[in-house]
Amino acid sequence: VNAEFGKSAVTALARIGGTVAGFVCTKGEALDCPSATKIAKFVRFCDAFSIPVISFVDSTGFGSIKSAAKVSSAYAEATTVKISVIKGKAIGSAYIALAGTGANADMVYALPNAIVSPVNVEAAAFIMSPKTMKVPVAKQKAVAEKFAEENLSAFHAAQNGYVDGIIEETEVRQTLITALDMLAGKRVPTLSKKHSTI
């Protein structure tokens, strides 16, 4: 859907296990404004017709606060089934908007090699291990990346309750089918209102 617009994200409609679902996939980079707009419109469309949204997350955040606000608002307001699979990095605002509790995700899974952090990698390293980051500025990025691999893994995220489960790549399809079956009867009572504004 809108393949030529917002190229740092892919949106598509597909059938999985007999259920029509909307798929959002990020490509491992920060999401720019066109990509955020594409995702937000797609999620709102799916929500309008109660089409489940399955998000494959691999992103380091957003290019601007405006982009983050659009996507966060769309996911937080959507009452349809929302399942996220962290396939790479879910860092900072990307984790919060696409896969975290702020997105009101019903289920969040991660592949074993995923890196999950509600703040960027450098900030996490400075907060959690300040002694490790006492290196020259030129080396801090490399040290932070190593810290992330060791301390911000999917297994740590599962221990802290940030993800519901760790799955192998070969298990993704069956896990999604099972989750969709389990969540098929989801109903969310909402307050009587027309709509919010972003």
With equal scatterers on the alpha carbons only and no solvent term, can you work out the Debye log10 of I(q)/I(0) for the stretch 102-187 at 0.17 1/Å?
-0.76
Accessible surface, per residue, of the chain when the full set of protein chains is kept, probe 1.4 Å, Å²
53
Can you return the lysines within cross-link range of residue 66? Criterion is Cα-Cα under 19 Å, with same-chain partners fewer than 8 residues away left out.
7, 38, 41
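Too long at a 21 Å Cα-Cα cut-off: which of 89/146; 89/131; 87/146?
Result: 89/131 exceed 21 Å.
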Provide the descending list of Cα extents for the stretch 57-100 along its principal axes, expressed in whole angstroms.
25, 25, 10
Net dipole in debye of the stretch 1-71 [+1 Lys, Arg Cβ; -1 Asp, Glu Cβ; about Cα centre; nearest 20]
160
Most mobile of 157, 142, 78 in a GNM of the chain (Cα contacts under 10 Å)
142
Please report, in cubic angstrom per residue, the volume enclosed by the convex hull of the alpha-carbon atoms of the stretch 1-94.
79
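Give me the dipole magnitude in Debye, nearest 20, for the chain about the Cα centre, with unit charges on the beta carbon: positive for Lys and Arg, negative for Asp and Glu.
Roughly 600 debye for the chain.
Computing the accessible area with a 1.4 Å probe over protein heavy atoms, can you report the carbon and sulfur percentage for the chain?
Using a 1.4 Å probe with all protein chains present, the chain comes out at 57 percent carbon and sulfur.
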Cleavage-rule hits (trypsin sites (Lys or Arg not before Pro)) in the stretch 1-100: DSSP loop, at most 15 neighbouring Cβ within 10 angstrom:
7, 27
For the chain, the longest stretch holding no GluC sites (Glu not before Pro) located in a DSSP loop with at most 12 other Cβ atoms within 10 Å is which?
5-167
Average projection area in nm² (convex hull over Cα atoms of the stretch 1-55, one quarter of hull surface):
3.6
Obtain the nm distance between the two label points defined at residue 182 and residue 5 by a simple spin-label model: each point lies 7 Å from its Cα along the Cα-to-C-beta direction.
3.5
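The values are calculated or read from the model by the stated rules, or taken from the named source; none is laboratory data. The structure presented is a predicted model; accordingly, all values stated were derived computationally and were not measured. All Cβ positions, glycine included, derive from the backbone under ideal geometry; neighbour counts span all protein chains shown. Only protein heavy atoms, including side chains, enter the accessible area calculation; ligands, DNA and RNA are left aside. Shrake-Rupley method; radii C 1.70, N 1.55, O 1.52, S 1.80 Å.
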